[in-house]
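Encoded as structure tokens, the structure appears first; notes follow it.
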Amino acid sequence: LLTRIMLLSPILMGISNLISAVLRVFQKFLITALAPVFYNLGSIVGIVFFVPLFGISGLAWGIVLGAGLHLLIQLPALFKVGFRFSRLFSFKDKELLLTIKLALPRAVGLAASQINLIIITIIGSGLAAGSIGIFNLANDLSLPIIGLIAIPFSTAVFPSMSLDYSRGDKKELLRKFSSAFRQILFLIIPASAIAFLLRAQLVRIVFGAGRFNWSDTKLTAACFGLLMFGLFAGGLIYLLAKTFYSMHNTIIPALVSILSVASTVLFGYLFVWLFSFSNIVSNAVSLLLDVQGMHNLEVVGLAIALSLNSIIQLLLLIFFFRKDFPFKEIMHSFVRIIIASGAAVVFTYLVRQGLGGFTGTNRFWFLVLQAGTSGILGFCFYFLIAAAMKSPEASYIFKKVFHVRY
């Protein structure tokens, strides 16, 4: 019953996502960013108001309402940029045929990405009870970092790169790609490093309540910390895939996604096996993450597998893009980013330890104060170091956000 009701949602979301793509070409990013908020609002209305009226089916109707709101909120902007209904549809239209041709490999790539998560779930289901939950919670906690950094940059630059390609201006396309690539690296590497350092605090703030005990917290923090090592790759995959799409090449991202399924199976079973007994790898990682001797260490292997899989996908995409990839300028920025991030991690550690001594770590608001203050000051210190090193990415952010040049 719930599935039949919610099958209305893909129709509405399909139309709405097409409208979102059109609006992004016209640089209308605010309204496309608000649409998911209204989708969530519909879901909340379903929980709060529809369930008391219709029972469990109210949840499904809330999803349908959210999808409808996702569509309706964008319609005024669509008509404002000049859209009008007209009788133009034809199965012989060359643009329609090109769209279908490009969409089919893209669909395969998306399916492969979902299969990766299914494989992780299958492997995790053979471990101790709660393993899948621990991994999923850690993964869910890592996704907002990509959502706040990599996806916005990739989404914003994609229409512009597509227009450059259609105009035959490949030089401008590559310039925008290089700029977006370096900006994502500039933000996601320190964010990952600082999040790794504050992993225990973040997990306890978000999940450390109810039946989520200390053992669950430590294992989730360990998985989250390991996912941070591959987060930069997971973020940059979005940009590289969008770059291939802008050049009407959907086959390479799909091929890489398919290859990643094989690597997920290989790494998943390999690292779960390695963490099932004492050895150099399991002992070293356990010591790094402070989870020595804990039950169900095998779940940590799933996080390593996913991180390595992301890195391999990134390397494969770069390999296929190697003729146009701006290695030199990206490496110059990368070195600065690593140095500044290393300094920021040391500074954040000192702040965290100092605050831990005064506030303790047993109460929720003390944890928020410790993690929030450490993280904010750590990021501020990172920007200062990057600015001192004359980082062009720091200069760009200061100019765009604070309207300051240095």
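For this structure, a couple of remarks:
- Loop-located chymotrypsin sites (Phe, Trp or Tyr not before Pro) in the range 32-122, at most 10 other Cβ atoms within 10 Å (DSSP): PHE85, PHE89, PHE91
- Cα centroid separation - the range 261-296 against the range 1-49, whole Å: 40
- Carbon-plus-sulfur accessible fraction, the range 167-295 (probe radius 1.4 Å, protein heavy atoms only): 66%.
- The range 173-283 - Kirkwood radius from inverse mean 1/r over Cα pairs (Å): 16.8
- Average accessible area per residue (Å²) across the range 92-215 - probe 1.4 Å, nucleic acids and ligands excluded: 50
- Semi-axis lengths, largest first, of the ellipsoid equivalent to the chain are 35, 29, 24 Å, with √(5λ) applied to each eigenvalue of the Cα gyration tensor.
- Of the solvent-accessible surface of the range 31-105, computed with a 1.4 Å probe and all protein chains present, 76% belongs to carbon and sulfur.
- Taking 19 Å as the cut-off, the amide N atoms of the range 166-199 that come nearer than this to a point 7 Å along the Cα-to-beta-carbon line of HIS332 belong to 171-187.
- Taking every DSSP helix (H) stretch of at least 4 residues in the chain, weighting each as -39,500 (n - 2.57) and dividing the sum by the residue count yields a mean residue ellipticity at 222 nm of -27000 deg cm²/dmol.
- Cross-link table LYS176/LYS242; LYS101/LYS170; LYS242/LYS328; LYS176/LYS399, entries beyond 19 Å C-alpha to C-alpha: LYS101/LYS170; LYS242/LYS328
- DSSP loop trypsin sites (Lys or Arg not before Pro) with at most 10 other Cβ within 10 Å excluded, longest remaining stretch of the chain: 212-321
- Relative contact order, whole percent, for the chain stands at 17, derived from Cα pairs under 8 Å and 6 or more residues apart.
- For the range 34-84, the pair-distance distribution built from all alpha carbon pairs, in bins 5 Å wide starting at 0, is 5, 26, 21, 16, 13, 8, 6, 4, 1 percent.
- Dimensions (Å) - the range 240-325, Cα atoms, principal axes, largest first: 51, 21, 16
The values are calculated or read from the model by the stated rules, or taken from the named source; none is laboratory data. Since this is a predicted model, take the numbers as computed values, not measurements. Because the Cβ atoms are built from the backbone with ideal geometry, glycine has one as well, and the counts that use them run over all protein chains shown. Note: areas computed on protein heavy atoms with side chains; ligands, DNA, RNA excluded. Shrake-Rupley method; radii C 1.70, N 1.55, O 1.52, S 1.80 Å.
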